[in-house]
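As structure tokens, the structure follows; a few thoughts come after it.
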Amino acid sequence: MTTKEKTVEIIRRLKKEYPEPKTVLNFKSTFELLVATILSAQATDILVNKVTEILFKKYRSIEDYAEVALSTLQKDLSSINFYKNKAKNIQGCARIIIERFDSKVPRTMEELISLPGVARKTANIILSNGYGINEGIAVDTHVKRLAYRLGLSKNEDPVRIEKDLMPLTPKQEWGTLSHLLIFHGRRICQAKKPRHQECVLYDICPSKAL
């Protein structure tokens with residue numbers, strides 16, 4: 001089995017385990033998805049959803065984020081780590097999107113990564129989950145760990161890992177692969193104690209001796 005064939009088999013098996021692979025972040029608009037994704041850096045999805053449940057009731061439009069005093073937005077985000085920088089980036093995104101993109105979150109990688117606090121991972125999440133566009137594969141800590149353990153990438157840098165995974169994966173599955181690896185990483189292939197005996201990938205995993 002080639003690495004490409006193995007990747008396709010990994011996707012097939014994980015789809016059976018996780019039939020609805022999508023982000024667990026709550027949002028009702030693409031800008032809300034952008035806000036939630038920025039907040040999710042080094043924070044749990046559970047905490048982010050708890051914060052945005054209140055935040056999204058207070059801030060109803062992109063203009064609300066652009067016009068509020070930064071200190072107020074920071075206070076509203078104070079339960080999230082790095083809240084000062086995240087608030088600054090969210091407000092910066094809102095103002096740039098209003099000014100340059102007619103209040104609509106951009107639909108291209110190049111435009112998205114021009115926004116403050118938005119790198120490829122965040123841009124990929126927005127494109128895939130907000131617009132159904134596959135421009136790449138979002139690589140977080142789970143994707144990084146599983147890509148290495150499954151023998152799909154030996155790199156440490158997320159951008160290089162993404163470049164390793166893309167040619168191995170059918171383009172229409174790029175967004176799906178990220179979600180599948182995240183779900184599997186959280187539930188089975190955990191960092192410290194991977195649950196090998198419960199893993200549907202056990203027989204094709206080169207790291208099963210861990």
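Of all residues in segment 144-154, count the ones that are farther than 15 Å from Pro194 by Cβ and either among the hydrophobic types (A, V, I, L, M, F, W, C) or surrounded by 16 or more Cβ atoms within 10 Å (Cβ to Cβ) (or both). Spell out the reasoning first.
Quick first cut of segment 144-154, residues farther than 15 Å from Pro194 by Cβ only: 152-154.
If we keep only those that are either among the hydrophobic types (A, V, I, L, M, F, W, C) or surrounded by 16 or more Cβ atoms within 10 Å (Cβ to Cβ) (or both) as well, we get 152-153.
Qualifying residue count for the region: 2.
Please enumerate the residues belonging to segment 115-153 that are modelled with pLDDT of 95 or more, among the polar types (S, T, N, Q) and within 21 Å of Gln42 (Cα to Cα).
Within segment 115-153, Thr122, Asn124, Ser128, Asn129 qualify.
Against the condition in the same structural domain as Arg12 (by TED's automatic domain parsing), on the phi < 0 side of the Ramachandran plot, in a helix (DSSP H, G or I) and crowded, with 19+ Cβ neighbours inside 10 Å, how does Ala123 come out, does it pass?
no
Do we have Leu168 as crowded, with 19+ Cβ neighbours inside 10 Å, in the same structural domain as Ile10 (by TED's automatic domain parsing) and under 19 Å from the mean Cα position of the chain (by Cα) here?
Numbers: crowded, with 19+ Cβ neighbours inside 10 Å: yes; in the same structural domain as Ile10 (by TED's automatic domain parsing): yes; under 19 Å from the mean Cα position of the chain (by Cα): no.
No; evaluated as a whole, the condition is false for this residue.
Every residue, every condition in (1) surrounded by 21 or more Cβ atoms within 10 Å (Cβ to Cβ); (2) in contact with a Gly (Cβ under 8 Å, 6 or more places away or on another chain), yes or no:
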site	(1), (2)
Asn85	no, yes
Ile98	no, no
Arg107	no, no
Val118	yes, no
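How do the helices (runs of 4 or more DSSP H) wholly within segment 1-90 filter down when requiring 1 or more residues that are under 24 Å from Leu112 (Cβ atoms) and free of Cβ contacts under 8 Å to residues at least 12 places away in the same chain: which remain? Lay out the reasoning, then the answer.
Working: elements: 3-17, 30-39, 45-58, 62-67, 70-76.
Ranges flagged: 62-67.
Checking the structure you have, find out if any residue of segment 127-135 is acidic (Asp, Glu), within 25 Å of Asp203 (Cα to Cα) and within 17 Å of the chain's Cα centre (by Cα).
No, segment 127-135 has no match at all.
Is segment 188-195 home to any residue that is assigned by TED's automatic domain parsing to the domain that holds Glu17, in contact with a Phe, Trp or Tyr (Cβ under 6 Å, 6 or more places away or on another chain) and buried (at least 17 other Cβ atoms within 10 Å of the Cβ)? First the steps, then the outcome.
In the first step, residues of segment 188-195 are kept if they are assigned by TED's automatic domain parsing to the domain that holds Glu17; the result is 188-195.
Narrowing further to those that are in contact with a Phe, Trp or Tyr (Cβ under 6 Å, 6 or more places away or on another chain): none.
No: zero hits.
The values are calculated or read from the model by the stated rules, or taken from the named source; none is laboratory data. Owing to the predicted nature of the structure, the values given are computational and were not obtained by experimental measurement. Glycine also receives a Cβ, built like all others from the backbone with ideal geometry; neighbour counts cover every protein chain displayed.
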